[in-house]
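Please read the structure below before turning to the comments.
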Amino acid sequence: MYEGVRICPECDAEFFAHVEECNACGVRLISPEQKERLRRSLLSSRLSILLADRLADHSKDEPVCINEGDITTLHELANVLKSTGIDCEVASRDMTSRCRDGVFSLLVPKSQEDAALKTIEEYWERVHPELKLARAREDEGACPGCGAMVKDNPSVCPGCGLNLAGGTDGGRCPGC
């Protein structure tokens with residue numbers, strides 16, 4: 001690490017000392033010393049929470065990964081979930097090795113997983129109304145992209161070439 005740098009507390013990117021805000025996360029930058037104190041404080045508070053939970057013998061409500069991707073999109077989804085009262089956290093891959101390939105993970109308590117997935121689906125349909133049309137086409141046995149009728153479950157649409165084989169399961173992390 002070089003002298004005169006500032007660090008993003010969200011993504012750990014380093015910037016010159018005169019830069020005030022992370023260009024990716026939009027958060028205020030901190031010094032490396034502040035970052036280390038924050039890391040120690042978070043580790044200490046997480047350990048305290050884990051110990052308190054074990055001592056209280058509560059049933060475990062472990063976090064589950066419901067989505068992964070870039071930090072901007074996941075913060076957007078986290079804000080949506082928090083506005084509806086759903087607990088969530090955006091974590092780097094270092095904090096949870098359950099998600100593969102993505103750099104960041106969106107975690108929710110297992111007990112809130114279904115509500116979180118439903119909330120995200122409703123949000124995406126509000127923001128992208130074309131998703132509703134695509135789902136309606138798919139329900140009718142047509143290509144969700146172009147509307148061409150598809151028979152015998154082809155892996156590629158004969159009309160537009162869209163991959164119909166899938167690869168997603170409702171936004172859930174493929175590694176979880």
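The values are calculated or read from the model by the stated rules, or taken from the named source; none is laboratory data. What you see is a predicted model, and the numbers here were worked out from it, not measured in a lab. Glycine gets a Cβ as well: all are built from the backbone with ideal geometry, and neighbour counts include every protein chain shown. What goes into the accessible areas is simple: the full protein's heavy atoms, side chains included, and nothing from ligands, DNA or RNA. Shrake-Rupley method; radii C 1.70, N 1.55, O 1.52, S 1.80 Å.
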Original post:
Of the residues 164, 117, which single one is within 28 Å of the chain's Cα centre (by Cα) and either at pLDDT below 85 or of a type in the set (Val, Ile, Thr) (or both)?
Top reply: 164
**OP:** Quick one: in the range 83-111, of everything that is surrounded by 14 or more Cβ atoms within 10 Å (Cβ to Cβ) and of a type in the set (Lys, Arg), which residue is modelled with the highest pLDDT?
**Re:** 93
**OP:** Please go through the range 119-158 and pick out each residue that is open to solvent by 90 Å² or more (accessible area, probe 1.4 Å), more than 26 Å from residue 84 (Cβ to Cβ) and in a helix (DSSP H, G or I).
**Re:** 138, 139
Original post:
Considering only the range 36-82, how many residues are closer than 24 Å to residue 12 by Cβ, modelled with pLDDT of 75 or more and either open to solvent by 80 Å² or more (accessible area, probe 1.4 Å) or not aliphatic (A, V, I, L, M) (or both)?
Top reply: 14
Original post:
Within the set of pairs 6+ apart or on separate chains, which have a first residue in the range 14-38 that is within 20 Å of residue 72 (Cβ to Cβ) and aromatic (Phe, Trp, Tyr), a second that is in a loop (DSSP other than H, G, I, E, B) and open to solvent by less than 80 Å² (accessible area, probe 1.4 Å), and C-beta atoms under 7 Å apart?
Top reply: 15/29
